[in-house]
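K.L.:
One structure, pasted below without further comment.
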Amino acid sequence: MDRLLNGLEANLFHPEVVEAQRARDVSSKAHRHAFTTWYASVPELAPCAEALYEQLRAPEQWLPYADTASTLARLTRSGLSLGVVSDVGWDLRATFAHHGLDGFISAWVHSYEHNTEKPDPLLFHHACRELGADPSETLMVGDHPAKDGGAVGAGLRSYVLPAGAAPGSLRGLDAVLRLAGLTSA
């Protein structure tokens, strides 16, 4: 396993893998190509690159952070509308539904449906229109400073979660509740 994982990590810099990553989030096809090219860069994984990608897409393979449901519930109970702006190459509704989180989300914006990718402000503007929200009164919560920083370019306030939380653990979403004015500091 270490050899396979080390191979994947090392091959992130292989020219063919780097090239496949360019604009990977602008279409489902490009996203699949980026990941299967990367997986196939390790000879032992090449025969199962497509199966590995399908496993990546499987809703049961994703594990929400422990504070996700309670945070989303608190935000929606307060009357706030929530949306998802995502760079994955597939529709996330099934994943959210699998974990009972889909009912909290009012708008879904997937980059592959708009032939662009974060940090393009178009995605964040589209989400605000779908939510009927003024960008200047909208908080975008993300996990990637460069990609999610596009929200700032679209006029939204932005909060980037600290890195390092393991799936299933607490993510620190209590900070989002504070930023929304739903708890005391």
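K.L.:
I need every pair where a residue in region 1-21 that is of a type in the set (G, A, S) has its Cβ under 8 Å from the Cβ of a residue that is surrounded by 13 or more Cβ atoms within 10 Å (Cβ to Cβ) and assigned to a helix (DSSP H, G or I), sequence separation at least 6 or different chains.
P.N.:
A20/H33; A20/A34; A20/T37; A20/W38
K.L.:
Tell me the helices (runs of 4 or more DSSP H) entirely within region 89-185 that contain at least 2 residues that are touching a residue at least 40 places away in the same chain (Cβ under 8 Å), surrounded by fewer than 18 Cβ atoms within 10 Å (Cβ to Cβ) and in contact with a helix residue (DSSP H, G or I) (Cβ under 8 Å, 6 or more places away or on another chain).
P.N.:
Counting at least 2 such residues, we get 174-179.
K.L.:
Output yes when any residue across region 106-126 is among the aliphatic types (A, V, I, L, M), touching a strand residue (DSSP E or B) at 6+ places or on another chain (Cβ under 6 Å) and at pLDDT below 95, and no when none is.
P.N.:
Residues of region 106-126 among the aliphatic types (A, V, I, L, M): 107, 109, 122-123.
Cutting the leftovers down to touching a strand residue (DSSP E or B) at 6+ places or on another chain (Cβ under 6 Å) gives us 107, 109, 123.
From what's left, at pLDDT below 95: none.
The answer is no, given that none of the residues of region 106-126 is among the aliphatic types (A, V, I, L, M), touching a strand residue (DSSP E or B) at 6+ places or on another chain (Cβ under 6 Å) and at pLDDT below 95.
K.L.:
If we scan region 69-79, do we find a residue that is closer than 20 Å to L161 by Cα, at pLDDT below 95 and either surrounded by fewer than 18 Cβ atoms within 10 Å (Cβ to Cβ) or in contact with a His (Cβ under 8 Å, 6 or more places away or on another chain) (or both)?
P.N.:
Checked against the condition, which is being closer than 20 Å to L161 by Cα, at pLDDT below 95 and either surrounded by fewer than 18 Cβ atoms within 10 Å (Cβ to Cβ) or in contact with a His (Cβ under 8 Å, 6 or more places away or on another chain) (or both), region 69-79 yields no hits at all.
K.L.:
Keeping to region 12-26, report how many residues are in a helix (DSSP H, G or I) and of a type outside the set (G, A, S).
P.N.:
Residues in region 12-26 being in a helix (DSSP H, G or I) and of a type outside the set (G, A, S): 9 in total.
Results for (1) β-branched (V, I, T); (2) within 23 Å of P119 (Cβ to Cβ), shown as yes or no for each residue.
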{"residue": "A10", "(1), (2)": "no, no"}
{"residue": "V17", "(1), (2)": "yes, yes"}
{"residue": "R32", "(1), (2)": "no, yes"}
{"residue": "Y39", "(1), (2)": "no, no"}
{"residue": "C48", "(1), (2)": "no, no"}
{"residue": "G79", "(1), (2)": "no, no"}
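K.L.:
Within region 111-135, work out how many residues are within 20 Å of L161 (Cα to Cα) and not aromatic (F, W, Y). Explain how you work it out, then say what you get.
P.N.:
Here is the first cut: in region 111-135, the ones within 20 Å of L161 (Cα to Cα) are 117-121, 123-124, 127, 135.
Remaining after also requiring not aromatic (F, W, Y): 117-121, 123, 127, 135.
Total satisfying the criteria: 8.
The values are calculated or read from the model by the stated rules, or taken from the named source; none is laboratory data. Bear in mind the structure is a predicted one, so any value in this text is a computation, not a measurement. Note: ideal-geometry Cβ built from the backbone for every residue, glycine included; neighbour counts use all protein chains shown.
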